[in-house]
Structures are given as structure tokens and as C-alpha cells.
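What follows is a single structure, written as C-alpha cells, with notes after it.
The values are calculated or read from the model by the stated rules, or taken from the named source; none is laboratory data. Model, not experiment: these values are computed from the prediction. Because the Cβ atoms are built from the backbone with ideal geometry, glycine has one as well, and the counts that use them run over all protein chains shown. Keep in mind that these areas ignore ligands, DNA and RNA; they rest on the heavy atoms of the full protein, side chains included. Shrake-Rupley method; radii C 1.70, N 1.55, O 1.52, S 1.80 Å.
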Amino acid sequence: MMTIACERSQWSNEDHKGSDRYDAWVDALEHTYGYHQLGVNTADDFKARIQSLKVGNFSVVECICDPCRGERRRPHIGVENTEMLGIQLVLAGKEHFEFNGKEFELSAGDVFFWDNVHEVRFDVLEKLHKVSAILPLARFREWLPSNWNSLDRHIPASSPNAFLMRSHLLALLSADYSNAKMSESALTEATIALLLGAGVHSLGAEDITLRDQQLRIVQEYIEANLKNPDLSLMQIAEANRISVRYLHWLFRQSGDTAQQYIIKRRLERCRQDFGNPAMENKSITQIAFSWGFSDSAHFSKRFKATYDMSPTEYRKLT
């Protein structure tokens with residue numbers, strides 16, 4: 001399992017004078033969270049500081065800043081070369097978010113997750129102290145390929161998810177990693193698992209149709225039975241009291257057939273296990289068979305077609 005040296009950094013605008021303080025913050029914010037067009041600030045005493053832990057494409061960022069506002073509109077999307085997911089925990093202060101046409105008010109204890117492929121507008125109403133995990137959006141999409149875009153982005157402080165995420169992010173940020181190496185893949189997967197672990201992925205009733213609900217139920221059944229090598233479309237249909245023809249209709253909107261979805265999820269589970277230190281003593285074939293594959297040559301062919309490298313090559317990189 002490949003590990004990467006941790007990089008720690010700290011930044012503050014206190015070394016700058018007057019209006020240069022805010023200009024320095026504009027640059028720091030873009031470097032940390034991606035491009036945003038910030039509103040004009042006329043105060044000479046604007047204060048902000050950032051400290052971060054970075055492991056490959058995964059980072060944890062603590063930010064404290066005075067009130068400010070900014071936005072990323074349609075022309076700004078795509079400025080970055082990578083699509084990112086940000087999971088933000090508010091420790092103190094208040095912030096107003098407008099994300100993808102919906103408005104949210106965040107205060108201490110709340111968690112909000114955003115991405116840089118949607119329009120967003122933020123307004124820091126009170127001095128803000130927050131901690132965020134920033135990771136590749138593609139890794140999040142792999143967990144919920146069909147409904148990741150319909151999630152309720154605001155997790156209130158009273159939710160178990162918010163408590164789990166708070167403990168996770170603060171532990172990562174505060175620990176001493178001097179001369180330590182960590183796994184980017186493991187950190188990313190653990191963070192996503194905590195975000196979704198207590199049911200955050202449930203969709204808001206106003207955002208989903210009956211077809212969406214049925215598809216999600218079927219997908220959850222498939223997920224629970226991926227290890228079964230004999231899992232068939234007939235079994236899935238019968239377990240969910242629908243016809244095979246209706247099953248095909250449910251998946252038509254997702255871009256995959258039901259069988260393609262099963263294979264993709266099995267491949268993804270294998271890919272996750274290849275980066276799991278607890279699986280280091282398991283062979284590629286053992287892992288593949290544990291997730292429902294029954295032919296190692298067929299598995300290798302499918303894996304390479306999906307991830308552009310063989311299972312052996314991928315495992316060496318993780």
C-alpha cells in the first residue's frame with residue numbers, strides 16, 4: 001500500500017498591511033478552495049489565517065477569517081483542472097450559503113459539503129472558524145454513482161454524522177505527523193464513509209420521484225448482495241417485487257444497465273480493498289472472488305477496461 005509524506009503548511013495575512021491583507025486572502029482562498037470571485041472589502045484590518053495537512057490529493061484545512069463574501073458562477077466553473085469535493089465543519093461563527101439554487105444557514109457544529117461543479121455563493125456573517133476536508137469529487141461519485149448530485153448538503157449539528165465528522169477532522173488536524181507517511185486512498189475512503197455512514201445519503205422528499213426511490217432501494221439491495229456470485233437480475237427483481245423488464249426500465253435513466261451497475265460496484269469494492277491495509281495479505285484473486293467475481297481473467301479484463309491499468313499495476317500504486 002503506497003503511503004505519502006504529509007505536508008503541513010500555515011498561512012496568515014498579518015504580515016501584510018492595509019488593503020494588501022484582503023488581496024492576500026483572495027489569493028490564499030483561491031489556492032485552497034478553488035477559484036471564487038470575492039466581494040470588495042474596504043477594511044484595512046481584515047484578518048485571516050489557514051493551516052492545512054495535505055496527503056496527495058487529500059487535505060484537511062483549518063480556516064479562520066473575518067466576514068467576507070464571494071461566489072463561483074457558471075463562467076468560473078471548470079477553471080480548476082480537477083473536480084473537488086469539500087466537507088466543511090463550522091466550529092464558530094455564521095455563514096450563509098447559496099448552493100445550486102438552494103440557501104443554507106450554517107452555525108457552530110453544522111457540516112456542509114460542496115463541490116466545484118455547481119454554482120455557489122457564500123457570505124460570512126460572523127467571524128468564521130471552520131475545518132474542511134478537500135478531496136477528489138470522483139472518489140465521492142464512486143460511492144453513489146446515480147444519486148450523488150441529489151443529496152441534502154446540509155448536515156445539522158445534532159446529526160450523528162456531524163459528530164463523527166467533527167471528531168475525524170479535528171483528530172487529523174491536531175495530530176503530530178512529523179516524519180510520518182499516510183495513505184491518501186485510506187484517508188479519502190474513511191472520510192467519505194463517515195460522511196455517509198449514518199444515512200446522510202437519504203434524499204429529500206421534494207427532490208426525488210417514485211422512480212428515483214425505487215432505483216435507490218434496488219441499488220441498496222444490490223450493494224448488500226454484491227458478494228454473492230450467483231446474484232442475478234431475476235433474484236433482484238423478485239426480491240424487490242418487480243419484473244425484470246421493470247428493473248431494466250429503472251436503470252435506463254442512470255446510463256448503466258442493471259448488470260453493468262453490478263459489475264461497476266464489484267470493481268469499485270475490489271479497488272477499495274486494494275488500498276485497504278487490512279487486505280494486504282489477500283491476493284488479487286481472493287479479493288475479486290470475495291466480491292462476487294468467479295473468473296480471475298474476466299475480472300482482470302474488466303478492471304483494466306475501467307481503470308486503465310491491471311489490478312497488479314493499480315495495487316502497486318496504492
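Between the amide H of Ala108 and those of Gly93, distances stay under 5 Å, these residues lying 5 or more places away or on another chain, with hydrogens modeled in the peptide plane. Treating r as the C-beta distance of Lys47 and Glu313 and R0 as 41 Å, the FRET efficiency rounds to 0.30.
On full extension of the chain, what length is gained from Glu30 through Val79, given 0.36 nm per residue of separation minus the C-alpha to C-alpha distance?
Details: separation 49, 0.36 × 49 = 17.64 nm, distance 1.07 nm.
Going from the current span to full extension adds 16.6 nm.
GNM, the chain, Cα, under 10 Å: largest mean-square fluctuation among Lys130, Lys181, Lys54? Result for the chain, Cα springs under 10 Å: Lys181 fluctuates most.
How much FRET efficiency would the formula 1/(1 + (r/R0)^6) give for Leu233 and Ala138, where r is the Cβ-Cβ distance and R0 is 25 Å, rounded to 0.05? Please report the intermediate quantities before stating the final value.
On the way: r = 28 Å, r/R0 = 1.11.
In this case the efficiency is close to 0.35.
Compute the FRET efficiency between Val117 and His96 as 1/(1 + (r/R0)^6), taking r as their Cβ-Cβ distance and R0 = 30 Å, and round to the nearest 0.05. If you can, show how the numbers build up before the last one.
Values: r = 21 Å, r/R0 = 0.70.
For Val117 and His96, the calculated efficiency is 0.90.
Within 15 Å, Cβ to Cβ, of Asn281, how many net charges do the neighbouring residues add up to if Lys/Arg are +1 and Asp/Glu are -1? Here the count lands on 0. Taken about its Cα centre, the chain carries a charge dipole of about 1180 debye when Lys and Arg each add +1 at the Cβ and Asp and Glu each add -1 at the Cβ. Across segment 63-79, rounded Karplus estimates of 3J(HN,Hα) from the backbone phi angles (6.51 cos²θ - 1.76 cosθ + 1.60, θ = phi - 60°) give 9, 10, 8, 6, x, 6, 8, x, 7, 10, 9, 3, x, 7, 6, x, 4 Hz, Gly and Pro being marked x. Taking amide H atoms as placed 1.01 Å from N in the peptide plane, the amide H of Glu119 lies under 5 Å from those of Asn100, each 5 or more residues away in sequence or on another chain. Measure nothing fancy, just the Cα-based angle from helix 210-224's long axis to the longest principal axis of the chain, in degrees from 0 to 90, nearest 10. With rounding to tens, the tilt is 70 degrees. Can you give me the C-alpha center-to-center distance between segment 50-113 and segment 290-316, rounded to a whole angstrom? For segment 50-113 versus segment 290-316, the Cα centre distance is 36 Å. Compared with the dominant Cα axis of the chain, that is its longest principal axis, helix 184-196 is turned about 90°. Computed on segment 39-137, with alpha-carbon pairs under 8 angstrom and 6+ residues apart, the relative contact order is 37 percent. Protein heavy-atom accessible surface, 1.4 Å probe, per residue over segment 261-301: 48 Å².
Determine, for each peptide in 272-283, 22-33, the mean count of other beta carbons within 10 angstrom over its residues, then list the peptides with the highest first. Provide the component values of the computation, followed by the final result.
On the way: 272-283: 15.2, 22-33: 17.7.
Taking the mean over residues of other Cβ atoms within 10 Å, the ranking is 22-33, 272-283.
With the simple model of a label 7 Å out from the Cα in the direction of the Cβ, Ala180 to Ile4 spans 1.6 nm.
Which shape class applies to segment 52-102: rounded if a/c is under 1.5, otherwise prolate when a/b exceeds b/c and oblate if not, where a ≥ b ≥ c are the square roots of the Cα gyration tensor eigenvalues?
Values: a/c = 1.97, a/b = 1.01, b/c = 1.95.
Oblate is the answer for segment 52-102, as a/c is 1.5 or above yet b/c matches or exceeds a/b.
Mind checking the log10 I(q)/I(0) for the chain at q = 0.11, 0.16 Å⁻¹? Debye, one equal scatterer per Cα, no solvent, two decimals. These q points yield log10 I(q)/I(0) values of -0.78, -1.40.
Note on the chain: with a GNM built from Cα contacts shorter than 10 Å, the maximum mean-square fluctuation among Gly70, Gly18, Gly56 falls on Gly18.
Residue-wise HN-Hα couplings along segment 15-21, as the Karplus relation 6.51 cos²θ - 1.76 cosθ + 1.60 with θ = phi - 60° gives them from phi, are 7, 9, 10, x, 5, 5, 4 Hz; Gly and Pro carry x. Ranking Gly70, Gly93, Ser167 by Cα position along the charge dipole of the chain, where only Lys, Arg, Asp and Glu carry charges on their C-beta atoms, puts Ser167 farthest toward the positive end.
When a/c reaches 1.5 or more, the comparison of a/b and b/c decides; with that in mind, is segment 268-316 rounded, prolate or oblate per its Cα gyration tensor? Oblate, because a/c is 1.5 or more while a/b does not exceed b/c.
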